[in-house]
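Reading through the structure tokens given below for one structure.
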Amino acid sequence: MPDSANGSTLPIMVGAVVYVRVSTKEQTENLSLPTQLRACEEYCRRQGYEVLERFHEEGESAKTTDRSQLQNLLTYCRLNKGRVHFVVVFNLTRFARDKYDHFALRSHLQSLGISLRSATEPIDDTSTGKLMEGVLAAFAQFDNDVRSDRTRAGMKAALELGRWVFLAPIGYLNAPRSMGRSLMHDTERGPLVRRAFEDYATGRYTKEQLLKRARTWGLTNRRGKLLTSQAIGVLLRNQLYAGIVDVPEYGVRGKRGDFEPLISDELFYRVQAILSGRVPSTAPRQRAHPDFPLRGFVRCESCGRGLTGSWSKGRSEYYAYYHCRPGCRAVNVSKAMLEGLFADELALLQPTPGYMRLLKESVLRIWKTRKAAVREEIESAERAAKAIQQKLDRLDEAFLFERSIDIETYDRHAEKLREELTLARIDRHSGQLDELDVEGIVAFAERVLPRAADLWVQASLEQRQRFQLLFFPGGIAFDGKGFVGTRVTAQAFSYLREIQTGNERVVDQTGIEPVTS
């Protein structure tokens with residue numbers, strides 16, 4: 001194809017498309033769209049190119065090829081293959097600032113029979129022109145890298161001054177520049193974040209308990225979703241809520257922010273002390289005291305509130321007691337007596353050997369049926385994953401080797417297939433997890449249930465509390481002499497009613513045969 005980069009005119013008009021791009025900042029730097037467009041059109045006139053279409057990209061970064069007008073240009077070139085011979089840009093920085101992107105786009109255009117031209121730079125298909133193009137593309141990437149370095153330096157300088165330059169965490173909002181500060185309080189989530197710190201600082205709640213409370217308040221992340229266990233931990237350790245800017249990766253430590261804190265320094269450091277196990281003396285005693293595992297779990301039959309525990313000084317030594325809260329004197333019992341009675345209560349729940357045998361047979365019978373279904377589900381998921389992977393392989397082949405589809409079509413189908421592949425793999429893994437869980441039920445029943453009382457006496461505080469809730473999820477009432485309304489026969493363990501496989505219950509009040517719900 002005849003062409004020239006030195007100003008000569010072609011005897012035959014060939015088609016060209018013009019691509020111009022500008023960011024908002026560059027509107028005042030003599031690189032506005034009209035300026036670029038005039039230069040590109042004048043270049044086409046001198047070269048004898050017929051301008052078939054013009055594509056204007058406004059306010060988009062050149063650091064990614066995910067630009068709407070660039071995608072439109074590629075689609076236009078594909079649909080008009082044979083008519084378009086050149087893509088003309090103002091300079092190579094307008095096309096791509098990343099060297100990889102530059103040559104990937106250039107290669108794609110070449111596959112369509114299209115060459116790249118710059119209105120202000122001497123590039124063409126000669127060896128010298130190709131060398132110049134490579135140098136200019138590398139310089140464009142260098143320019144982009146320098147801009148990134150300058151941006152990072154500017155961000156560090158702002159952080160040093162106490163300005164928060166990132167997305168605001170939950171409870172704050174990024175403030176407009178006119179306010180003179182970087183963050184402002186979120187009137188909806190801010191009070192809830194403060195409440196979370198205040199509640200945790202009392203020492204009365206674990207992080208999991210605080211998470212449940214925060215969810216009932218309606219505290220969500222910026223996307224409106226409930227917080228996770230990890231998110232509540234990150235929130236409680238974030239110094240930004242106390243007005244402290246601390247970003248180690250930028251070398252900025254302990255700077256006072258230019259915004260109003262959500263909580264006081266005292267409250268923040270009290271929470272940090274609890275998180276690290278150093279509870280300050282100003283914090284109330286935690287309920288989960290190792291000396292009183294039944295605290296809060298056993299309720300007073302008279303007033304309905306959970307019992308507390310404390311040590312009382314006698315003539316020569318201290319004595320441990322469980323007792324009701326102020327205002328109610330119905331229960332005051334020694335630690336040894338109450339815990340001994342509870343162990344006796346657990347001993348009454350020991351199932352007979354015949355019951356255990358029937359339980360095991362029932363669970364295993366149901367599991368055999370379920371196992372066959374799970375095996376089929378796993379195989380089905382594996383077949384689905386294999387079929388999806390084959391589609392992805394064919395899609396890669398069509399894009400990379402056959403060049404029968406464009407990048408937009410490839411991305412659209414590839415994303416959908418990868419999502420389907422992920423779901424198929426999750427389905428396959430879920431079936432495997434189910435098998436482990438059901439086997440665990442049988443092992444648990446055989447080892448733990450016959451020895452519930454002994455295991456509770458020997459267990460740690462955390463294990464005791466889990467045991468208690470396992471057998472009596474709603475706690476247990478005490479009237480000062482004994483437990484009230486808690487007798488559970490070996491035929492009807494309340495906790496066993498929750499054991500399920502699929503939609504089938506293993507044990508219910510009427511016996512241990514499965515019941516279809």
PRE zone check, label point 7 Å out along Cα-to-Cβ of LEU348, amide N under 13 Å, scope region 295-339, hits none
With region 183-229 reduced to its Cα atoms and the Debye formula applied, log10 I(q)/I(0) at q = 0.17, 0.25 1/Å amounts to -0.48, -0.94
The simple spin-label model distance between ASN80 and PHE166, using points 7 Å out along Cα→Cβ, in nm, is 4.6 nm
Stretched fully, the stretch from MET179 through ARG204 gains (0.36 nm per residue minus C-alpha distance, one decimal, in nm) 5.1 nm
Set LYS225/LYS416; LYS156/LYS416; LYS81/LYS391; LYS212/LYS368, cut-off 31 Å on Cα-Cα distance; pairs above it are LYS156/LYS416; LYS212/LYS368
On the formula 1/(1 + (r/R0)^6), with r taken between the Cβ atoms of ARG383 and THR187 and R0 of 56 Å, the FRET efficiency rounded to 0.05 is 0.60
Residues whose built amide H sits under 5 Å from the amide H of GLY48, excluding neighbours closer than 5 in sequence, are LEU10
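Pairwise over distinct Cα atoms, reciprocal of the mean inverse distance: report the Kirkwood radius of region 172-275 in Å, one decimal place.
Numbers: mean 1/r = 0.0694 Å⁻¹.
Result for region 172-275, one decimal place: 14.4 Å.
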Shape call for region 154-222, from the Cα gyration tensor axes a ≥ b ≥ c (a/c under 1.5 means rounded, otherwise prolate when a/b beats b/c, else oblate), comes out prolate
A chain fully extended from LYS416 to ALA330 at 0.36 nm per residue, minus the present Cα-Cα distance, gains in nm 24.5 nm
Here the relative contact order (percent) of region 172-275, from C-alpha pairs under 8 Å and at least 6 apart, is 26 percent
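Suppose R0 equals 56 Å; then what is the FRET efficiency for GLU397 and ARG365 from their Cβ-Cβ distance, rounded to the nearest 0.05? Intermediate results must be reported in sequence, preceding the final value.
Values: r = 49 Å, r/R0 = 0.88.
According to the calculation, E is roughly 0.70.
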For the pair GLN110 and THR228, the simple spin-label estimate (label points 7 Å beyond Cα toward Cβ) gives in nm 4.4 nm
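If I stretch the segment between LEU469 and SER312 completely, what's the gain in nm (0.36 nm per residue apart, minus their alpha carbon distance), one decimal? Could the numbers behind the result be given before it?
Details: separation 157, 0.36 × 157 = 56.52 nm, distance 2.80 nm.
Length gained, LEU469 through SER312: 53.7 nm.
Where a number appears in this text, it was derived from the coordinates with a stated rule and is not lab data. This structure is a prediction, so every number in the text was calculated from the model and none was measured. We place every Cβ from the backbone using ideal geometry, glycine too, and count neighbours over all the protein chains shown.
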